[in-house]
1. Can you figure out the FRET efficiency of residue 48 with residue 69, using R₀ = 35 Å and their beta-carbon distance, to the nearest 0.05?
2. Relative contact order for the chain: what is it in percent, counting Cα pairs under 8 Å that are at least 6 residues apart?
3. Run the numbers for residue 76 and residue 20: contour at 0.36 nm per residue of separation, minus the present Cα-Cα distance, in nm.
4. What's the Kirkwood radius of the chain in Å, using all Cα pairs?
5. Counting only helical runs of four or more DSSP H residues, what would the 222 nm mean residue ellipticity of the chain come to if each run contributes -39,500 (n - 2.57) and the total is spread over all its residues?
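Every number in this text was worked out from the coordinates using simple rules, so none of it is lab data. Keep in mind that this is a model prediction, so the values were computed, not measured. So basically every Cβ, Gly included, is an ideal-geometry build from the backbone, and we count neighbours across all protein chains shown.
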């Protein structure tokens, strides 16, 4: 069973994102949109990534629930 995500998303767990982000996204100018179920954890991650030097980081307000409620596309791949 796979988690539902936005199309093209890379999954990085909250507990390890600071350790894995530099390998997954080495360019500090790459656009990064963080999201979680409701938007709270992703806001913390976005703040952490900004402190690490990532310059184009945003958090999805309302999280994945808000995304789905808006009828936006998602994938299980």
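1. Once the sixth-power term is evaluated, E becomes 0.85.
2. For the chain, the relative contact order is 39 percent.
3. 18.0 nm
4. One decimal place: 12.9 Å for the Kirkwood radius.
5. Calculated mean residue ellipticity at 222 nm is -10000 deg cm²/dmol.
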